[in-house]
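The values are calculated or read from the model by the stated rules, or taken from the named source; none is laboratory data. Small disclaimer: the values here were computed from a predicted structure and weren't measured. All Cβ positions, even for glycine, are placed from backbone atoms using ideal geometry, and neighbour counts span all protein chains on display.
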Amino acid sequence: MDGAALIGLLGVLAYLWGRGRHTWYWTDEALSLGMSSHPLAQLPEVLAQDTSPPLYHVLLNLWMASFGSSEAATHSLSLLFALAFVPAVLWAGWSLVDRRTGWMCALLASVSPFLATYSNETRMYSLVALLSLLVTATFLHAFVHRRRGFVPAFSLLLALTLYTHYWGFFLALGTGAALVVCLTRSDDRRRLVLDAVVAFGAAALLFAPWLPTLLYQRAHTVVGWALPPTLQLVRDDVVGLVGGPVPAVALALGAGGALVVLLRRPWDRQSLLAVAATVIVVVAVAAGFASARTSAQWHGRYLGIVLAPVVVALGVALARAGQTAVAALAVVAVLTAPLGVRVPLHAKSNAAGWAEEVTPLLSQGDVVFAPIGAIPLLAHYLPEGLRYTTTTGLVADPLAADWRDAMERLRRGGPVSDLSPVVERLPVGGHVLLSCPPVEGSDLSGLPPYIELEILRCLEGREFLLAHPRLDLQRSLRFPPAPNAPADAELLVKVPPA
């Protein structure tokens, strides 16, 4: 009965979540796609130019070798990770508490807007959610239930999480804080501490080979592409994990009474499970917030690292809430389940649309000018044989965005001096395709400093190219076509001297 219900649920989710798998790539997806297109032996060198660890890119590389690099192909990998979260959390709730808890967790996961969104994203976030679930479950087994056989699994899974996203360090801090709670309830603290030292020490040893690359990335490739988060933003992003304020209120009402009962002393195992999962969430989010206040590296998608302990804590409470829990889940399902129509192909980016229009006009040796992060996206959709230049100079490898010391390179000067020789070497009849963010007339002062500077440099380059006496505007490109809208890109052709 349970097996049939799970298969049916996964079938429905595969249909609902999978409807967006053909959606065109956007910038961040193209970064993953481009880096993962390199041979595995080159990945450490390529990733040293970026801010990411290697595991997802290794898996994507192997996946593309079998299934290709189309949107549907690579989105299917993320869809598999998202779907795997559901039986995994069913097992977690079932094995940690009981069957009812497992199903409450699985139903919460099935209406998760986070999983629905990132099941169609060629990025690591659905894998992060899955790995953090397994880390959370094995931690609770090992240190709440004291099932010591789960200690090696916890170590390995924590290391794999660190190899997938660096917010895994905040998950590690969360589990470390939850360990302190477990110590207060343990009858054998010496053995628990020994197990913890072995578990966290083994994870550290497993991650150690990547540490030099991480330190290099921190020194050279961290770009402040976001503003430091506010407490209000953190609150909104955490609430967004369950679909927004109204679903959060429904879950609070459905689980609140049960949580109060669970937290009454003396605590039993279920109480300790709920508290430990909650501590993991609070500490991990607080650590991420504190770090982002100085590094400006924050986005709601990073909170996939705490989706699992949120679901487990709520699942434990809802399983004790009776009909109130059923009503709460019904409200959440109605408000958050992905029941809408298929999203348009250009929902995330329109680059594929206008690239298809301009491709027949381009020839080998033509030049593409765009910001650093946009180059891999354009290289994916445009024909081979083009030369790429950014706001910081010519690009040696268009499949990878080189973020090394990007802010300093932008500050040293604009692109005009770099563009002059590029135009001079271009033969008559050759093309320059320029693509800058369509922000003419917009106030850029509220943007993060890096984004503001890169846009300004791009617009400087655009102004130089449009005013160049040897270049004529051949076509303005917009997708979807809209005559009065700002151009997404412009195609220039080199003409003979006057």
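Would you be able to say whether some residue in segment 81-89 is at pLDDT 95 or above, surrounded by 17 or more Cβ atoms within 10 Å (Cβ to Cβ), more than 18 Å from residue 24 (Cα to Cα) and in contact with a Cys (Cβ under 8 Å, 6 or more places away or on another chain)?
yes
Please work out if residue 367 is touching a strand residue (DSSP E or B) at 6+ places or on another chain (Cβ under 9 Å), touching a residue at least 40 places away in the same chain (Cβ under 8 Å) and within 20 Å of residue 481 (Cα to Cα).
So residue 367 does not fit the description; no.
Return yes or no: is residue 33 under 18 Å from the mean Cα position of the chain (by Cα) and over 30 Å from residue 99 (Cβ atoms)?
Here the answer is yes, as residue 33 does meet what is asked.
Quick check on segment 402-432: of everything there that is at negative phi and at pLDDT 95 or above, which residue is surrounded by the most Cβ atoms within 10 Å (Cβ to Cβ)?
Selected residue: 432.
Determine whether segment 274-290 contains at least one residue that is hydroxyl-bearing (Ser, Thr, Tyr), surrounded by fewer than 20 Cβ atoms within 10 Å (Cβ to Cβ) and either on the phi < 0 side of the Ramachandran plot or without any contact (Cβ under 8 Å) to a residue 60 or more places away in the chain (or both).
There is no residue in segment 274-290 that is hydroxyl-bearing (Ser, Thr, Tyr), surrounded by fewer than 20 Cβ atoms within 10 Å (Cβ to Cβ) and either on the phi < 0 side of the Ramachandran plot or without any contact (Cβ under 8 Å) to a residue 60 or more places away in the chain (or both).
With respect to residue 361, determine if the residue is touching a residue at least 40 places away in the same chain (Cβ under 8 Å), of a type in the set (A, V, I, L, M) and buried (at least 19 other Cβ atoms within 10 Å of the Cβ).
So residue 361 fails the test.
Restricting to segment 275-300, and then to whatever is of a type in the set (Gly, Ala, Ser) and over 20 Å from the mean Cα position of the chain (by Cα), can you tell me which residue is farthest from residue 238 (Cα to Cα)? Spell out the reasoning first.
Going through segment 275-300, the residues of a type in the set (Gly, Ala, Ser) turn out to be 276-277, 284, 286-288, 290-292, 295-296, 300.
Then drop every residue that is not over 20 Å from the mean Cα position of the chain (by Cα), which leaves 276-277.
Details: 276: 18, 277: 15 Å.
Residue satisfying both the conditions and the ranking: 276.
Do we find a residue being within 26 Å of residue 25 (Cα to Cα) and either of a type in the set (A, V, I, L, M) or not assigned by TED's automatic domain parsing to the domain that holds residue 225 (or both) anywhere in segment 411-430?
Within segment 411-430, not a single residue is within 26 Å of residue 25 (Cα to Cα) and either of a type in the set (A, V, I, L, M) or not assigned by TED's automatic domain parsing to the domain that holds residue 225 (or both).
Test residue 384 against the criterion of being surrounded by fewer than 14 Cβ atoms within 10 Å (Cβ to Cβ), among the charged types (D, E, K, R), in a helix (DSSP H, G or I) and not assigned by TED's automatic domain parsing to the domain that holds residue 216, and give yes or no.
Details: surrounded by fewer than 14 Cβ atoms within 10 Å (Cβ to Cβ): yes; among the charged types (D, E, K, R): yes; in a helix (DSSP H, G or I): no; not assigned by TED's automatic domain parsing to the domain that holds residue 216: yes.
Judged against the criteria, residue 384 is not a match.
Give me the pairs: first residue in segment 106-134 and over 20 Å from residue 26 (Cα atoms) and at pLDDT below 95, second residue not in a helix (DSSP H, G or I) and not aliphatic (A, V, I, L, M), beta-carbon distance under 6 Å, and six or more apart or on different chains, which are they?
Going by the 6 Å Cβ cut-off, there are no qualifying pairs.
Hey, any hits in segment 480-489 for a residue that's farther than 20 Å from residue 365 by Cα, among the polar types (S, T, N, Q), within 30 Å of the chain's Cα centre (by Cα) and in a loop (DSSP other than H, G, I, E, B)?
No, there is no match, as no residue in segment 480-489 is farther than 20 Å from residue 365 by Cα, among the polar types (S, T, N, Q), within 30 Å of the chain's Cα centre (by Cα) and in a loop (DSSP other than H, G, I, E, B).
Could you check how many residues of segment 447-498 are over 23 Å from residue 418 (Cα atoms) and either touching a Cys at 6+ places or on another chain (Cβ under 6 Å) or surrounded by 13 or more Cβ atoms within 10 Å (Cβ to Cβ) (or both)?
Residues in segment 447-498 being over 23 Å from residue 418 (Cα atoms) and either touching a Cys at 6+ places or on another chain (Cβ under 6 Å) or surrounded by 13 or more Cβ atoms within 10 Å (Cβ to Cβ) (or both): 9 in total.
Which residues, counting only those in segment 181-205, are assigned to a helix (DSSP H, G or I), without any contact (Cβ under 8 Å) to a residue 12 or more places away in the chain and under 15 Å from residue 143 (Cα atoms)?
Scanning segment 181-205 gives 183, 184, 189, 190, 191, 193, 194, 197.
Hey, does segment 71-89 have a residue that's under 23 Å from residue 181 (Cα atoms) and either out of contact with any Pro (no Cβ under 6 Å at 6 or more places or on another chain) or not assigned by TED's automatic domain parsing to the domain that holds residue 189 (or both)?
Yes, because at least one residue in segment 71-89 is under 23 Å from residue 181 (Cα atoms) and either out of contact with any Pro (no Cβ under 6 Å at 6 or more places or on another chain) or not assigned by TED's automatic domain parsing to the domain that holds residue 189 (or both).
For the structure I just gave you, tell me whether residue 355 is part of a helix (DSSP H, G or I), assigned by TED's automatic domain parsing to the domain that holds residue 222, crowded, with 21+ Cβ neighbours inside 10 Å and touching a helix residue (DSSP H, G or I) at 6+ places or on another chain (Cβ under 9 Å).
No, not satisfied.
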